[in-house]
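The values are calculated or read from the model by the stated rules, or taken from the named source; none is laboratory data. All values derive from a computational prediction rather than experimental measurement. Heads up, the Cβs are rebuilt from the backbone with ideal geometry, glycines too, and the neighbour counts pull from every protein chain shown.
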Amino acid sequence: MSVNAYRRAQEIGATPRGNEYRLMSQITSEMIAARDAGLSGVRLMPALHRNRSAWTLFSNLCASPENQLPEDLRARIISIAIWVERYTSDVVRGRETVDALILVNRAIIEGLSHENGKPA
């Protein structure tokens with residue numbers, strides 16, 4: 001099987017929840033690696049930018065009237081996205097560390113790894 005055929009099969013079998021899990025895991029790993037390499041402030045920007053972009057996307061998707069998630073969950077996701085935006089600015093300015101962003105993402109990853117209260 002060629003690499004392209006494998007990728008295509010993987011894309012077909014992927015679920016939105018699985019894609020979100022993989023994206024958040026990759027971004028969180030990038031932030032952890034940058035932190036562990038001793039990067040801080042603006043030197044964390046590539047990882048922080050990717051995280052901020054993902055949360056902005058989640059917020060925009062939740063703001064859509066066509067979104068099928070319960071309204072209260074959508075509101076909570078939008079609220080987290082707003083917090084991520086503000087907190088990220090504080091990390092870039094050196095006022096905060098990246099640790100709280102990592103913790104939030106890990107909590108989301110944990111939630112995404114469970115389907116109906118059971119491990120996925």
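Tabulated data for the structure shown
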| quantity | calculated |
| --- | --- |
| Neighbours by Cβ (under 9 Å, 6+ apart or cross-chain): first from the range 97-109, free of Cβ contacts under 8 Å to residues at least 40 places away in the same chain and closer than 14 Å to Arg22 by Cα; second assigned to a helix (DSSP H, G or I) and not hydroxyl-bearing (Ser, Thr, Tyr) | none |
| Residues of the range 43-63 satisfying the condition of being closer than 21 Å to Asp90 by Cα and touching a Leu at 6+ places or on another chain (Cβ under 7 Å) | Asn51, Ala54 |
| Residue count, the range 24-67 (criterion: free of Cβ contacts under 8 Å to residues at least 40 places away in the same chain and more than 14 Å from Val84 (Cβ to Cβ)) | 16 |
| Qualifying residue in the range 78-94 (condition: within 15 Å of Tyr21 (Cα to Cα), part of a helix (DSSP H, G or I) and modelled with pLDDT of 95 or more) | no |
| Residue in the range 82-92 that is exposed (fewer than 14 other Cβ atoms within 10 Å of the Cβ), touching a Phe, Trp or Tyr at 6+ places or on another chain (Cβ under 9 Å) and not hydrophobic (A, V, I, L, M, F, W, C) present | yes |
| Selection count, the range 29-42, where residues are more than 14 Å from Thr88 (Cβ to Cβ) and either in a helix (DSSP H, G or I) or in contact with a strand residue (DSSP E or B) (Cβ under 9 Å, 6 or more places away or on another chain) (or both) | 4 |
| Residue in the range 69-77 that is within 18 Å of Ile27 (Cβ to Cβ), surrounded by 12 or more Cβ atoms within 10 Å (Cβ to Cβ) and under 17 Å from the mean Cα position of the chain (by Cα) present | yes |
| Selection count, the range 97-117, where residues are at pLDDT 95 or above, buried (at least 17 other Cβ atoms within 10 Å of the Cβ) and not β-branched (Val, Ile, Thr) | 2 |
| Considering residues of the range 18-40 that are surrounded by 14 or more Cβ atoms within 10 Å (Cβ to Cβ) and charged (D, E, K, R) only, the residue farthest from the chain's Cα centre (by Cα) | Arg35 |
